[in-house]
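These notes are about the structure you will find just below.
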Amino acid sequence: MSRPETRRDNLLGIAFGLALVVLFSGQSLVVKLLGDRYPMNEVVFFRHAFALVPAYVMLAQQGGLATLRTGGFPMHLARMAAGMSSMVLGFYALRLIPLADAVVYGFVSPLLVTAMSVAVLGERVGIHRWSAVLIGFAGVVLMMRPDGAPIELGVIVALAGAFCSSFVNLTMRRLGATETAASTVCFYTGMCTIVFAATLPFSWVTPGPLDLAILVSLGLGGGVAQYWYTKSLWYAPSALIAPLGYTSLIWMTAAGIVFWDEIPAGSTLVGAAIICGSGLYILYREARRR
C-alpha cells in the first residue's frame with residue numbers, strides 16, 4: 001500500500017511528529033528528575049519493559065506474531081547493542097550536563113550517520129553534505145571548549161551516545177529492507193527488557209507509588225512515541241518529519257531554565273545553531289538526491 005501524499009495527510013504526519021518530540025522530551029525530563037534516585041539500569045529497564053505494551057499493539061495491527069519471523073537476527077542483535085548503549089549513555093549524560101547541552105550533542109548523530117554511511121552502507125556523499133558535516137563538527141568544537149577549558153565527562157558521554165545512536169540509524173536502514181517496523185521494535189524492546197531485568201537483583205531500589213507511576217509512564221510514553229513515529233512516516237515523507245526533532249531544543253531549554261535554573265551559555269546557542277543548520281542542510285540534500 002502506497003503512502004498518502006495529500007496536504008491533509010502531511011499535516012497529520014506533522015502532528016504525530018510534533019507529538020512524539022514532546023513525548024521524547026518528557027522522557028528526558030523524567031530521567032533527569034529521577035536519575036539521582038534510582039540506578040541507571042533500573043530506569044532503563046522500566047523504559048523498555050512498559051514500552052512492550054504499545055509495541056505489541058503495533059505488532060497486532062501489522063499482522064500479529066507472523067511478522068516476527070526474521071532472517072536477520074544478527075542485525076537485530078547489533079541494533080540492540082547499539083540501542084542499549086545509546087540510551088544508557090544518553091540518560092547518563094542528562095545527569096552530568098544541562099538539558100539543552102545534552103540535546104544539542106544528540107543532534108550530532110545525523111552528521112555521524114552521513115559520515116559513517118560511506119564505509120558502512122557504501123553510499124556516496126557529495127561535497128555539499130561533507131561540507132555540512134565539517135561545519136557541524138566545528139559547532140561541536142565550539143560548544144566543547146569555548147574558552148580552552150578541559151572537556152567535561154558529560155560531553156564525552158553525550159557524544160559517545162550520539163555515536164551509538166548513529167549506528168542505530170545505520171542498522172535500522174539495513175533492517176528496513178527486510179523487516180517490518182513492528183518486528184524491529186518488538187525484538188529490540190523485548191531483548192533489552194530481558195537484559196536489564198537480569199541486572200536488577202544487583203542494584204534494585206524499590207520506588208514509591210508516585211515514582212513507580214512516573215517510571216511506568218516513562219516506558220509507556222517511549223513505546224507510544226515509537227508507534228507515533230511510524231504513523232508520522234506513514235502520513236508524511238521523512239524529509240518533512242525529521243526536522244521536527246530540532247524543536248526539542250526549545251522544550252528542553254525551557255525545562256532546564258524552569259527546573260534547574262540552567263541558562264544556556266552563548267557558545268551553546270551558537271554551536272546549536274551551527275549543528276542544527278548543518279543537520280537541516282544534510283536533510284535537504286538527501287531529500288533532493290532521492
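Just so it is clear, none of the values below were taken in a lab; they were calculated from the coordinates. Everything numeric here is computed off the predicted structure, so don't read it as measured data. As a convention, Cβ positions derive from the backbone with ideal geometry for all residues, glycine included, and neighbour counts pool all protein chains shown.
Taking the highest mean first, how do the peptides 276-287, 167-178 order by number of other beta carbon atoms within 10 angstrom per residue? Mind showing how you got there, number by number?
Details: 276-287: 18.9, 167-178: 16.7.
Ranked from most to least packed, the peptides come out as 276-287, 167-178.
Based on Cβ point charges of +1 for Lys and Arg and -1 for Asp and Glu, what charge dipole magnitude is obtained for the chain about its Cα centre, in debye rounded to the nearest 20?
Details: 19 positive and 13 negative charges, 205 e Å.
Using Cβ point charges on Lys, Arg, Asp and Glu, the chain gives about 980 debye.
Per residue Cα convex hull volume for region 1-115, in cubic angstrom?
Details: hull volume 19.2 nm³, N = 115.
Here the figure is 167 Å³ per residue.
Quick check: from the Cα gyration tensor, does region 150-228 come out rounded (a/c under 1.5), prolate or oblate? Spell out each step's value before the answer.
Numbers: a/c = 1.90, a/b = 1.16, b/c = 1.64.
Verdict is oblate for region 150-228.
So how do 96-104, 180-188, 153-161, 251-259 stack up, highest first, on mean other-Cβ count within 10 Å? All intermediate terms of the calculation are to be shown ahead of the outcome.
Details: 96-104: 24.8, 180-188: 22.7, 153-161: 19.4, 251-259: 17.6.
The packing order, highest mean first, is 96-104, 180-188, 153-161, 251-259.
Going by average Cβ density within 10 Å per residue, which order do the peptides 85-94, 123-132, 36-45 take, highest to lowest?
Values: 85-94: 22.4, 123-132: 14.6, 36-45: 17.7.
Going from most to least packed, we get 85-94, 36-45, 123-132.
Starting from the Cα-Cα distance between Leu121 and Arg173, subtract it from 0.36 nm times their residue separation and give me the gain in nm to one decimal.
Values: separation 52, 0.36 × 52 = 18.72 nm, distance 0.89 nm.
That pair, Leu121 and Arg173, stretches by 17.8 nm at full extension.
With a length cut of 15 Å (Cα positions projected on each helix's long axis) and a Kyte-Doolittle mean of at least -0.5, go through the chain and give me the DSSP H helices that pass. Intermediate values should be presented prior to the final figure.
Numbers: long enough: 7-34 (41 Å, 1.24); 73-96 (34 Å, 0.93); 109-120 (16 Å, 1.82); 127-144 (25 Å, 1.62); 153-176 (34 Å, 1.32); 181-199 (28 Å, 1.44); 209-235 (38 Å, 0.64); 248-260 (17 Å, 1.66); 266-289 (34 Å, 0.56).
Both cut-offs are met by 7-34, 73-96, 109-120, 127-144, 153-176, 181-199, 209-235, 248-260, 266-289.
Give me the log10 of I(q) over I(0) for region 7-289 at q = 0.11 Å⁻¹, as the Debye formula computes it from C-alpha points; what are the numbers?
-0.65
For region 123-273, what class follows from the C-alpha gyration tensor (a ≥ b ≥ c being the square roots of its eigenvalues): rounded when a/c is under 1.5, otherwise prolate if a/b is larger than b/c, else oblate? Can you show the working numbers first?
Working: a/c = 1.70, a/b = 1.15, b/c = 1.49.
Because a/c hits 1.5 or more and a/b fails to exceed b/c, region 123-273 counts as oblate.
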